[in-house]
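Have a look at the structure below, then the notes.
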Amino acid sequence: MAVRTTIYRGHRIHSVPHGPGWRLRIVLPRRGGATVLRNRVPRGLPQLLAEARLHIDRLLDGAAWQHAP
């Protein structure tokens, strides 16, 4: 089982095949711990990575409405 690692905004995202789909583990560098995302879509890795990036953006930037005047 090959683990692929992606770095996004200082967070490591480890992706690994899991059953028919994928499992991602987002490692939180300063807070410790991790968040795990899963799907059951054989070719669903791009969508799951997009969800992981959105999760990281929300952790770092907060909700979009917080930036509106």
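Compute the angle between helix 45-61 and the longest alpha-carbon principal axis of the chain, please, reported from 0 to 90 degrees and rounded to the nearest 10.
So the inclination is approximately 30 degrees.
Counting only protein heavy atoms, what percent of the accessible surface of the chain is carbon or sulfur at a 1.4 Å probe?
In the chain, the share of accessible area belonging to carbon and sulfur is 54 percent.
How high is the relative contact order of the chain? Use alpha-carbon pairs under 8 Å, at least six apart in sequence, and give a whole percent.
Reported relative contact order: 22 percent.
Evaluate the charge dipole of the chain about its Cα centre and quote only its size in Debye, nearest 20, assuming +1 on the Cβ of each Lys and Arg and -1 on the Cβ of each Asp and Glu.
Charge dipole of the chain: 240 debye, to the nearest 20.
Evaluated at 37 °C with a viscosity of 0.692 mPa s, what Stokes-Einstein diffusion coefficient in µm²/s does the chain have when Rh comes from the Kirkwood expression over alpha-carbon pairs?
258
Using label points projected 7 Å from each Cα along Cα→Cβ, tell me how many nm separate ARG12 and LEU54, to one decimal.
Each label point is offset 7 Å from its Cα along the Cβ direction, giving 2.6 nm.
The values are calculated or read from the model by the stated rules, or taken from the named source; none is laboratory data. Bear in mind the structure is a predicted one, so any value in this text is a computation, not a measurement. Every residue, glycine as well, gets a Cβ built from its backbone with ideal geometry; the counts of neighbours run over all protein chains shown. To get the accessible areas, we keep the full protein, side chains included, count just its heavy atoms, and leave off ligands, DNA and RNA. Shrake-Rupley method; radii C 1.70, N 1.55, O 1.52, S 1.80 Å.
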